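The values are calculated or read from the model by the stated rules, or taken from the named source; none is laboratory data. A quick note: this is a predicted structure, and the numbers were derived from the prediction, not measured. So basically every Cβ, Gly included, is an ideal-geometry build from the backbone, and we count neighbours across all protein chains shown. Areas reflect the complete protein model, heavy atoms only, side chains present, ligands, DNA and RNA absent. Shrake-Rupley method; radii C 1.70, N 1.55, O 1.52, S 1.80 Å.
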Amino acid sequence: MINNLAIRMITLAVGLSALPFVLSERVCPDGTIGIGTSHAITGPFELSIIYSNDCGVIDSKDGNICSSYRRGAAVQCNAGTEVPNTAQTGDGTDWGPCFSVTETCGNNRPVEWCCLRA
């Protein structure tokens, strides 16, 4: 009986100690947003996503990361490239400059850029 109780307590302690890591996935520094692309599950289509720094989806669109998104966000890229310079989220907040990162939200959602709050 004591052994079962000890095992349960250790299991609970280990589980609770891992909880902050599960709940606080950060791909960009505090006060920034992330931008990434992912390929659709059912085809060769590209999906561009703007993330909060904890991987919450702010906005998304089909195609490359530049231009307008579904919920009013927009990403301005350097001329002739898909390198973001600035962004604006649907609430009117301005972001930029942006800098390159190699991060992942979840299992298969790459984040290639983080943008500072302007």
### Summary
Sorted by chain and then number, the residues having a modelled amide H within less than 5 Å of the amide H of Arg71, at least 5 places away or on another chain, are Ser60
### Summary
Here the FRET efficiency for Arg26 versus Asn78, based on Cβ atoms and R0 = 25 Å and rounded to 0.05, is 0.45
### Query
Ordering Asp54, Asp30 by how much accessible area each has at a 1.4 Å probe, largest first, what is the list?
Asp30, Asp54
